[in-house]
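Please read the structure below before turning to the comments.
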């Protein structure tokens, strides 16, 4: 807890950085960048490396792929158009995106307000196509055209249902209203006015000497010739930025010369209930709303193959936290929680976030290293040995195995994780999650019959496994087209 005299920097150096360093020493971490803002005080620091192959360190200027933390930026640009009277949020988006048609004929029920708040009824994207990036100016229009077989999953406005697809359509609306490409519209309308000159939605604009590489698999590996970037999904996922400029974004929500207070207020109002404390209690037009230590928060998280992000604002305390990672295995929310405990002077200091960071190492890390060094049988023996220890020293949870493999599978780099998948399914034969990831890998590899068989096994083990049901459903839909 801060003593009130040393300032934010002293408190962070005593109580936040040691926890982050401890986490990095016991978990698979490539690089991390963390920023804390409280009033006029700003503390930033990089940890680890931007690429394990080069060993070059992360600095406050290192650029990270933000994944879904891109969405609040897009939402702000779109809502600002409505704030100026240039866009009606309740008008059908087909007024701007006439190429959008749905199989149920309900495309005119889709509005910008629904897309912004994830209440449009549109399903989510299931295949991002990172392995086949679309780089033309027509990528978003082609994405809109590709939805002809989609149907609304829920009635518009009836409930929250997260949809990346909705943000791709919002990006196209922004492009059409602005009369330029989506990426240029974001630069002209938001990034440049806020002094975020390096920030961009175009991967090719990120200088090589500042770029962080994605790290997937276990042990962490940079997947050559694979990266989570395609212009089909730029609005939902592909903003790149660094700590220096994200601090400007955080402060723009309350400082003079930043965003209009009336715009921030409009985007801070709840639209739909989510019910996931502390960060995601409600959804606004672009932000998840929550309550932390008695204060209202605006936040968003992000996870794409090889990257993880968490951004939290506490406007009434002029406080914010940014956490960026170049792997998708880092506990970004726990780090944000620890940072907020210190920045907000929460009694008792770091709480649940610190407990998570101090937690046991995932067993998958030790198993994967043995696998890489000594092969399958040795890895199985290592798992059995560690799982039998009393008291346990390692986290045996399936979640950590899932984190270790999904990024590579989504990038269509199954070769990086097949050995680990086989070990996982062997040592945890009753794990529905293990068989789901295995079935997904078979699907990506084009082995449809084996994918169906394995996914059915996953559903037999857990009939409520939504991921297995979704992948199996996608296979059925593909067979009908």
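The values are calculated or read from the model by the stated rules, or taken from the named source; none is laboratory data. All values reported here derive from a predicted model rather than from experimental measurement. Cβ atoms come from the backbone with ideal geometry, glycine included; neighbour counts cover every protein chain shown.
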Only one of these is without any contact (Cβ under 8 Å) to a residue 40 or more places away in the chain and either more than 30 Å from residue 415 (Cα to Cα) or in contact with a strand residue (DSSP E or B) (Cβ under 9 Å, 6 or more places away or on another chain) (or both): 205, 183. Name it. 205
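Using the structure shown, decide if residue 80 is farther than 25 Å from residue 230 by Cα, assigned to a helix (DSSP H, G or I) and either under 28 Å from the mean Cα position of the chain (by Cα) or modelled with pLDDT under 95 (or both).
yes
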Filter segment 171-197 for residues that are surrounded by fewer than 17 Cβ atoms within 10 Å (Cβ to Cβ) and more than 25 Å from residue 100 (Cβ to Cβ) and give the result. 192, 193, 195, 197
State whether one or more residues within segment 60-74 are over 30 Å from residue 125 (Cα atoms) and touching a helix residue (DSSP H, G or I) at 6+ places or on another chain (Cβ under 9 Å). yes
Residue hits (segment 395-421; without any contact (Cβ under 8 Å) to a residue 40 or more places away in the chain and out of contact with any strand residue (DSSP E or B) (no Cβ under 6 Å at 6 or more places or on another chain)) are 396, 397, 398, 399, 401, 402, 409, 414, 415, 418, 421
Just give me the residues in segment 303-325 being surrounded by 24 or more Cβ atoms within 10 Å (Cβ to Cβ) and over 13 Å from residue 336 (Cα atoms), in sequence order. 304, 305, 306, 307
By residue number, the members of segment 323-343 that are over 13 Å from residue 16 (Cα atoms), at pLDDT 95 or above and outside any helix (DSSP H, G or I) are 324, 325, 326, 327, 330, 331
Please enumerate the residues belonging to segment 454-466 that are modelled with pLDDT of 95 or more and part of a helix (DSSP H, G or I). 454, 455, 456, 457, 458, 459, 460, 461
Could you list, in sequence order, all residues of segment 131-169 that are touching a helix residue (DSSP H, G or I) at 6+ places or on another chain (Cβ under 9 Å), assigned to a helix (DSSP H, G or I), over 23 Å from residue 276 (Cβ atoms) and touching a residue at least 12 places away in the same chain (Cβ under 8 Å)? 139, 140, 141, 142, 143, 144, 147, 149, 168, 169
Checked segment 240-260 for anything over 14 Å from residue 76 (Cα atoms) and touching a helix residue (DSSP H, G or I) at 6+ places or on another chain (Cβ under 7 Å); matches are 240, 254
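Look at residue 28 and say whether it is farther than 26 Å from residue 201 by Cα, touching a residue at least 60 places away in the same chain (Cβ under 8 Å) and in a loop (DSSP other than H, G, I, E, B).
Yes.
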Considering every residue within segment 211-220, establish whether at least one is over 22 Å from the mean Cα position of the chain (by Cα) and either in the same structural domain as residue 367 (by TED's automatic domain parsing) or in a loop (DSSP other than H, G, I, E, B) (or both). no
Members of segment 348-361 that are closer than 15 Å to residue 8 by Cα and surrounded by fewer than 18 Cβ atoms within 10 Å (Cβ to Cβ): 349
In segment 90-121, residues that are without any contact (Cβ under 8 Å) to a residue 60 or more places away in the chain and in a loop (DSSP other than H, G, I, E, B) total 13
Anything in segment 362-377 that is surrounded by 14 or more Cβ atoms within 10 Å (Cβ to Cβ) and either out of contact with any strand residue (DSSP E or B) (no Cβ under 6 Å at 6 or more places or on another chain) or farther than 26 Å from residue 22 by Cβ (or both)? List them, or say none. 364, 365, 366, 367, 368, 369, 370, 371, 372, 376
By residue number, the members of segment 421-453 that are part of a helix (DSSP H, G or I) and either modelled with pLDDT under 95 or more than 23 Å from residue 383 (Cα to Cα) (or both) are 440, 442, 443, 444, 448, 449, 450, 451, 452, 453
